[in-house]
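Quick notes on the structure that follows.
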Amino acid sequence: MNGKKVLIVGIDGYIGWSLAMHLATRGHSVAGIDNYSRRRNVAKVGSVSATPIREMDERIHVFNMAYPDARGAIAFKEGDLLDYSFARDYIKWFKPDTIVHLGEQPSAPFSMVDREHAVYTQHNNVIGNLNLLYAIKEVVPDCHLLKLGTMGEYGYDTELEIPEGFFEIEYKGKKATIPFPRMAGSWYHWSKVHDSNNIMFACRLWGLRSTDVMQGIVYGTRTKQMILDELLTRFDFDECFGTAINRFCAQAAIGHKLTPYGKGGQTRGYLALTDSIQCLTIATENPPEKGEYRVFNQLDTVYKINDLAKTVQQVAGKKGMDVEIEPVDNPRVEKEEHHYKVKAEKLRNLGFRPTRTLEEEVDIMLTDLMRFKKRILAKKEVIMPKPYWKQVSQPPILTR
Ligand SMILES: NC(=O)c1ccc[n+]([C@@H]2O[C@H](COP(=O)([O-])OP(=O)(O)OC[C@H]3O[C@@H](n4cnc5c(N)ncnc54)[C@H](O)[C@@H]3O)[C@@H](O)[C@H]2O)c1
């Protein structure tokens, strides 16, 4: 396999650092930028990564020592995607074959706190993505943009099977293939919808090539490259930045009750961190045609939130940890029981095979998190949710 030059926007993040190491050990040359906003935003909500994480330069230094065959394969520069000349000049210097764009504010609850957080999220995400599209057009028009969207773009309020981006309809006797409707449920998720529309338009307008990944919720503490604690990726457990399974495992590790929201029938697609990295690697190594805008639904299995809590309880029980489940009032405006069926074939057709069961992954997570129990305990007040959604307004009633 020929090594590619891959630029990771958001390399300091949960997925970014894991992907950087994986690509570097597969013979790719990686460069990354990050403005460290995730670290600052987690601090703003009073929390910290459960895993102690190093500064980027130190991480890269340890990586070089641990993987001498890949020494020098990861470069980093601190900077903001909103600074257009910084981003364009870095791309001009590196001339990537692929840009993996992870560099956005990724928390739905954070975007719902108030007007400032909503504006910050949409400005950071939508303008950053637009800057990237212009920089690609200006400097590397053949480059593949691999952009992280979310399954949440489609929403969770449809009886239809959710296709991969596009579907065929028949309306008033005519057939057409059109984008599947997006019905997002937070300002964050809507920022991703706006990104998707802008990317689709740029591909049509300028002939760029892009994979827009509708990713499920990612869980896990490690990938196989994390052979030393200094190489671990971040792991958040607070109500804003901690995702469902990750939060439940952190709760179990400190003997806190597991707290599904409301009736717990919310159904979502999930995949392990190691499988997210596998999928992004497959997409990197199998780029779309020039001018092509393709959508991948990236997930392993669909679970109800109550089933996740029960799985974490069972796995914890086998490890001698006695954990209770106690539902709490749902802080979000969302359906608590609903139909959910998703098509996710394109990545499997390119070779994606999930590596571990949920139980196996949860077991690894609990083992890891028990070692960092003190760090979670010190911040345990950040786990319980606040009703940000309900402080804003109720969703409009759609006239049908
Ligand atoms: N983790 C998940 O479960 C999940 C699920 C679906 C989609 N996603 C998407 O995947 C991507 C990566 O997710 P993650 O969990 O690694 O998030 P993360 O917050 O850990 O990583 C994003 C990184 O981007 C950086 N960043 C943000 N804005 C930036 C800017 N303007 N300039 C430079 N750097 C910037 C942050 O500092 C952070 O390090 C995000 O776009 C997220 O929306 C994640």
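The values are calculated or read from the model by the stated rules, or taken from the named source; none is laboratory data. Since this is a predicted model, take the numbers as computed values, not measurements. Note that we place each Cβ from the backbone using ideal geometry, even for glycine, and neighbour counts take in every protein chain shown. Ligands, DNA and RNA are excluded from the accessible area calculation, which covers all protein heavy atoms including side chains. Shrake-Rupley method; radii C 1.70, N 1.55, O 1.52, S 1.80 Å.
Given the Cα atoms of the stretch 225-371, and with Rh set as the inverse mean 1/r over their pairs in the Kirkwood sense, what is Rg to Rh to two decimals?
Values: Rg = 17.0 Å, Rh = 17.0 Å.
For the stretch 225-371, the value is 1.00.
What does the charge add up to near Asn125, with Lys and Arg as +1, Asp and Glu as -1, over the other residues with Cβ less than 14 Å from its Cβ?
Values: positive: Arg38, Lys147, Lys192; negative: Asp80, Glu104, Glu153, Asp195, Asp212.
Taking every other residue near Asn125 into account, the sum is -2.
Using only the alpha carbons of the stretch 138-206, what is the convex hull's orientation-averaged projected area in square nanometres? Write out the running numbers ahead of the final one.
Numbers: hull surface 24.9 nm².
For the stretch 138-206, the mean projected area of the Cα convex hull comes to 6.2 nm².
Roughly how many nanometres apart are two label points built 7 Å out from the Cα toward the Cβ at Val119 and Leu82?
The two pseudo-label positions are separated by 1.1 nm.
List, in order, the whole-Hz ³J(HN,Hα) value for each residue of the stretch 61-66 obtained from phi through the Karplus relation with A = 6.51, B = -1.76, C = 1.60 and θ = phi - 60°; use x for Gly and Pro.
4, 5, 4, 4, 6, 6
With unit charges on the beta carbon (Lys/Arg positive, Asp/Glu negative), name the residue among Leu146, Tyr171, Pro354 whose Cα is farthest towards the positive pole of the charge dipole of the chain.
Tyr171
Taking the Cα centre of the chain as origin and charging only Cβ (+1 Lys, Arg; -1 Asp, Glu), how large is the dipole, in debye to the nearest 20? Mind dumping the intermediate values first?
Working: 54 positive and 50 negative charges, 34 e Å.
Dipole of the chain, to the nearest 20 debye: 160 debye.
Exceeding 26 Å between C-alpha atoms, which entries from my cross-link table qualify? They are Lys192/Lys304; Lys257/Lys318; Lys147/Lys224; Lys175/Lys343; Lys192/Lys310; Lys304/Lys386. List each step's numbers first, then the result.
On the way: Lys192/Lys304 23 Å; Lys257/Lys318 17 Å; Lys147/Lys224 24 Å; Lys175/Lys343 21 Å; Lys192/Lys310 31 Å; Lys304/Lys386 21 Å.
In this structure, Lys192/Lys310 lie more than 26 Å apart at Cα.
What is the sum of charges around Gly46, taking Lys and Arg as +1, Asp and Glu as -1, for the other residues whose C-beta is under 13 Å from the C-beta of Gly46? Before the final figure, lay out each step's value.
Working: positive: Arg40, Lys44, Lys379, Lys380, Lys386; negative: Asp236, Asp238, Glu239, Glu381.
Residues near Gly46 contribute +1 overall.
Under a Cβ-Cβ cut-off of 12 Å, what is the net charge of the residues other than Lys380 that fall near it, where Lys and Arg count +1 and Asp and Glu count -1? Mind dumping the intermediate values first?
Values: positive: Arg247, Lys257, Lys373, Lys374, Arg375, Lys379; negative: Asp238, Glu239, Glu381.
Neighbour charge sum, excluding Lys380 itself: +3.
Normalised by the number of residues in the stretch 5-385, what is the relative contact order in percent for Cα pairs under 8 Å and 6+ residues apart? Walk me through the numbers before you get to the answer.
Details: 737 pairs, mean separation 76.0, N = 381.
Relative contact order of the stretch 5-385: 20 percent.
So with the 1.4 Å probe, I'd like the accessible area per residue for the stretch 1-121, rounded to whole Å². Each step should come with its number before you reach the end.
Details: 4890 Å² over 121 residues.
On a per-residue basis, the stretch 1-121 sits at 40 Å².
Counting DSSP beta bridges in the chain, what percent are antiparallel, to the nearest 5? Don't jump to the answer; show the numbers that get you there.
Values: 10 of 48 bridges.
Close to 20 percent.
Using +1 at the Cβ of each Lys and Arg and -1 at the Cβ of each Asp and Glu in the chain, identify which of Ile364, Ser196, Asn41 lies farthest towards the dipole's positive end.
Farthest along the dipole direction, towards plus: Ser196.
Determine the calculated [θ] at 222 nm for the chain from helices alone, applying -39500 (n - 2.57) to every DSSP H run no shorter than 4 residues and normalising by the residue count; nearest 500 deg cm²/dmol.
Numbers: 15 runs with 151 residues, N = 400.
Value at 222 nm, helices only, nearest 500: -11000 deg cm²/dmol.
If I take all pairs of Cα atoms in the stretch 1-150, what percentage of them are more than 25 Å from each other?
Details: 3313 of 11175 pairs.
I get 30 percent for the Cα pairs in the stretch 1-150 exceeding 25 Å.
List, in order, the whole-Hz ³J(HN,Hα) value for each residue of the stretch 93-104 obtained from phi through the Karplus relation with A = 6.51, B = -1.76, C = 1.60 and θ = phi - 60°; use x for Gly and Pro.
5, 8, 6, x, 7, 9, 10, 9, 9, 10, x, 9
In nanometres, what is the gap between the two model label sites at Met370 and Lys318, each 7 Å from Cα along Cα-to-Cβ?
Placing both labels 7 Å beyond Cα along the Cβ direction yields 1.3 nm.
Pop out the ³J(HN,Hα) list for the stretch 299-315 in order, Karplus 6.51 cos²θ - 1.76 cosθ + 1.60 with θ = phi - 60°, rounded to Hz; leave Gly and Pro as x.
Result, rounded to whole Hz: 7, 9, 10, 9, 10, 8, 4, 5, 5, 5, 4, 5, 5, 4, 4, 5, 5.
On full extension of the chain, what length is gained from His339 through Asp157, given 0.36 nm per residue of separation minus the C-alpha to C-alpha distance? Provide the component values of the computation, followed by the final result.
Values: separation 182, 0.36 × 182 = 65.52 nm, distance 0.76 nm.
Computed gain between His339 and Asp157 is 64.8 nm.
Radius of gyration and Dmax for the stretch 5-385's Cα atoms, expressed in Å?
Expressed in Å, the Cα Rg and Dmax of the stretch 5-385 come to 20.0, 65.
Give the peptides 309-319, 103-113 in descending order of average Cβ contacts within 10 Å, highest first. Don't skip to the end; give the middle numbers.
Working: 309-319: 18.2, 103-113: 24.1.
Ranking, from highest mean packing down: 103-113, 309-319.
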